[in-house]
Structures are given as C-alpha cells and as structure tokens.
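This report concerns only the one structure given below.
Readers should treat all values here as calculations from the given coordinates under stated rules, not as data from a laboratory. The structure presented is a predicted model; accordingly, all values stated were derived computationally and were not measured. Don't worry about glycine lacking a Cβ; one is built from the backbone with ideal geometry, like all the others, and counts go over all protein chains shown.
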Amino acid sequence: MYQKISKTILGTATALALVASTAAAEELRAWNIHTDGHPNTAAMDRFAELVAEKTGGDVNVEVFHGGVLGSQPDALEQVQLGAIDVGNFNLGPIGPIVQEANLVSLPFIFKSVDHMFRVMDGPAGEKVAMGMANAGIMPIGWFDAGARSFYNNTGPINSPDDVAGMKIRVMNNDLFTGMVNAMGGNGTPMAFAEVYQSLSTGVVDGAENNLPSFQSVGHFEVAGFYSLSEHLIIPECICVNTALFEGLSADNQAALVAAAEEASVYQRELWAEQTQASRKAVEAAGVQINEIADKGPFQVAMAPVYADYLAANPSMVELVELAQSTE
Ligand code: BDP
C-alpha cells in the first residue's frame, strides 16, 4: 500500500516537475552575422550546445547565422529591446550606443591581441562590460577578432597618403569615418552585407577587416590588395539581453557564463588557425598581401581622432589611460 501511494505521489511529482520545467524552458534566439566555415559560426553553435547541456534543457539557444535576423546595428537595437536574446557582436558598432565600448575602437589603442585581452580581462574591460550591461547588452564571453587592415583593388597601401581620395567602407561608428577621413580618404559606413557588391561595382574603393572575414564573404574576389595596417584590434562578445539574463535562476546564469567561456576558448583556437588558413587561401587566389614596414605614419595621421574624441568625451580620458597603462 505504502509503496503504491508513494509511487503515485512520485509519479505525480515527476509529472509536475516535467510540466514546470517545460513551462520554464527559455527558448532564446541568437544573431550571428557569419556564415558556415567562419570560426564564430562554429563557436556560436558550440555555445548553443553547451547551454542546452549545462542547463539540462532549461535554456535552449537557436542561432540564426548569416545575418538573416538583420544588420548588426539593427540586431543590437533588437537585443536592447529583447526582441533578439543573444548575439555575437563586434564592439565597434556598440560604440554609438555605449560610450565605454568606444575604448576599443580607438585606432592603435592596443599593442597586440594579447594586450587587448589583458585590458579586457582587467579593470578597464570591467568598465566596458558594465556600460554594455547597463545598456541592455551584457557580455558573457570575449571572442578574438584579430586585427583589421585595409584592402582595395588598385594597389598596395603603404602610407596614409595612399588612402587619400579613396572611399573606404567602415563599420557604423563615427570613430571609423573619422579615422579614414584623417588620412584624406572618405570613410563610408555601410552594412557588412552590402560591401561585396559595393566593392565590385566601385561604389567604394576599399574596406577594412580581419583576414577570416575578408575571405569568408568573398571580399578577396573583388579586392586584390590586402595591406597589413592592423589599425584596429576590436574584441567581440557573446552578449545577452541583460534583463533576460537577470531573470534566469542563479544556476542557469552560471551555466550560460560557463558555456560562453568554453565557447570563447574554442573560438580563440579556431581563430588562430583560420587566420593562417585564410591568409594562405587568399594568396593562392591571387591576392597580394602587403606588409607595411612602418606603421608610425598611420598612427600619426590617426592621432587627431583621439584628440578630437577625448576633447568631446572628457569622461573617457581616465578609461583610455587605464587601458594604455595596462602592461
Ligand atoms: C567582421 C565582424 C562582424 C562585422 C564585420 C563588418 O566579425 O561582426 O559585422 O566584420 O565589417 O569581422 O561589418
């Protein structure tokens, strides 16, 4: 008798638990601009798998690749509103929304990718993360996006003078238009998805990006010169809508953070491999990779971008100094 009752109770409890967990299961939609074969696509898929595994199915992430949920500036707005829950974002287009994020969009602020990660893992990175979280875009993992360099189809770029007169596509941020304009060029913000056609029809003369992205969306087919200016080292995030994250149980929050950390480690491994592989692939396709012997003149030409930005945003001076003084 006892056994029978307890079985019934247990059965009911299990059924209730199932109902409860079904009702509480969070179905998240994630934005990713990249296509198959790009390290970030693999890392976002890994993140989704890990979240399901670590939350025992309480939280499920469906990743929409290839930017099908919209351009990056639009997707950022959607995450702020909670219409998209998660995204792999570059911090460049976050600058117009979150002032602290502009730290990483100042040209030549970091000495290397390692230096960038040391800054992001320290107090300056914490300030950037807080600013983002307060704006509704909470970073829970940092991805490597290497360094961005200029590419075009008329010849190698060796000095800022070579950029003068060129129309160069940049991501959406006044700092980037200012950066190109400081060299006498014409910085033109444009959605990533439009760059291929704009390069091939001559709407723009060039663009700037890291090697994996230059390859993955075929820009190398319409821009035969890639010059290693490495003027921007901008991290990327796995970011979650802040209110949604805060509404999760403590266990599920921890699971999401652990999943993002693991996916970020994986992404950084893939990134290093892909950077080499992309360089080889585009060279094999006929792209001329141009080493720039002296990047000093680029730094000098872009220095007014810093001065103007800090004059207009004095509250950023301390954060910039904190980053610059990080060993
Ligand atoms: C890629 C970034 C992506 C940007 C893109 C761009 O990963 O987030 O949207 O550059 O240039 O490297 O727009």
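Stokes-Einstein diffusion for the range 42-147 at 37 °C, viscosity 0.692 mPa s, with a Kirkwood radius from C-alpha pairs, works out to 220 µm²/s. From largest to smallest, the equivalent ellipsoid semi-axes obtained for the range 148-232 from the alpha-carbon gyration tensor read 17, 14, 12 Å. Phi-derived couplings, Karplus 6.51 cos²θ - 1.76 cosθ + 1.60 at θ = phi - 60°, listed residue by residue for the range 314-322: x, 5, 8, 4, 4, 5, 4, 5, 4 Hz, with x used for Gly and Pro. The distance from the alpha carbon centre of the range 135-155 to that of the range 160-238 is 11 Å, rounded to a whole number.
Less than 5 angstrom separates the built amide H of Leu28 from those of Asn60, Val61, Glu62, all sequence-distant by 5 or more or on a different chain. Overall, the range 85-235 carries a charge dipole of about 100 debye about its Cα centre when +1 sits on the Cβ of Lys and Arg and -1 on the Cβ of Asp and Glu, all other atoms neutral. A simple spin-label model places pseudo-atoms 7 Å from Cα toward Cβ; at Asp161 and Ala243 they are separated by 5.5 nm. Treating r as the C-beta distance of Ala254 and Glu27 and R0 as 30 Å, the FRET efficiency rounds to 0.95. Note: relative contact order over the range 69-181, using C-alpha pairs below 8 Å and six or more positions apart, is 26 percent. Other residues whose C-beta falls under 14 angstrom from the C-beta of Ile94 contribute a net charge of -4, scoring Lys and Arg +1 and Asp and Glu -1. Assuming charge only on the beta carbon of Lys and Arg (+1) and of Asp and Glu (-1), the dipole of the range 154-280 about its Cα centre is about 340 debye to the nearest 20.
Working from label points 7 Å from Cα in the Cα-to-Cβ sense, the Ala303 to Val68 distance is 5.0 nm. Counting beta carbons within 10 Å around each of Tyr309, Tyr151, Tyr196 and listing the fewest first gives the order Tyr196, Tyr309, Tyr151. Stretching the chain fully between Met190 and Ala83 yields a gain of 36.2 nm (0.36 nm per residue, less the alpha carbon separation).
Within the shell of other residues whose beta carbon sits under 13 angstrom from the beta carbon of Ala323, the net charge comes to -3, with Lys and Arg scored +1 and Asp and Glu -1. In order along the range 88-100, phi translates into HN-Hα couplings of 9, 10, 8, 6, x, x, 7, x, x, 9, 10, 4, 4 Hz, rounded to whole numbers, per the Karplus curve 6.51 cos²θ - 1.76 cosθ + 1.60 with θ = phi - 60° and x for Gly and Pro. Each label point was placed 7 Å from the Cα along the Cα-to-Cβ direction; for Asn313 and Ile289 their separation is 3.2 nm. Between Asp114 and Asn60, the C-beta separation translates, for a Förster distance of 30 Å, into a calculated FRET efficiency of about 0.30. Residue ranges 174-183, 26-35, 73-82 sort as 174-183, 26-35, 73-82 when ordered by packing (mean number of other C-beta atoms within 10 Å per residue, highest first). Shown is the FRET efficiency for Asp36 and Ala281, computed with R0 = 22 Å from the Cβ-Cβ distance and rounded to the nearest 0.05: 0.90.
All other residues whose Cβ lies under 10 angstrom from that of Ala259 are scored, Lys and Arg at +1 and Asp and Glu at -1, for a net of -2. The string of couplings for the range 122-133 from the Karplus curve (6.51, -1.76, 1.60, θ = phi - 60°) is x, x, 5, x, 4, 5, 4, 4, 5, x, 5, 4 Hz, one whole number per residue in order, with x for Gly and Pro. The H on the amide N of Met171, modeled in the peptide plane, is under 5 Å from the matching H of no residue at least 5 residues off or on a different chain. Mean sequence separation of contacting Cα pairs (under 8 Å, at least six apart), scaled by the length of the range 148-232, corresponds to a relative contact order of 46 percent.
Once the chain from Glu273 to Asn153 is taken as fully extended at 0.36 nm per residue, the excess over their C-alpha distance is 40.6 nm. Close amide-amide hydrogen proximity is noted between Phe143 and Glu236, Cys237, Ile238, each under 5 Å apart and 5 or more residues distant or on a separate chain (H modeled in the peptide plane; Pro and chain starts excluded). Over all directions, the projected convex hull of the C-alpha atoms in the chain averages 18.4 nm² in area.
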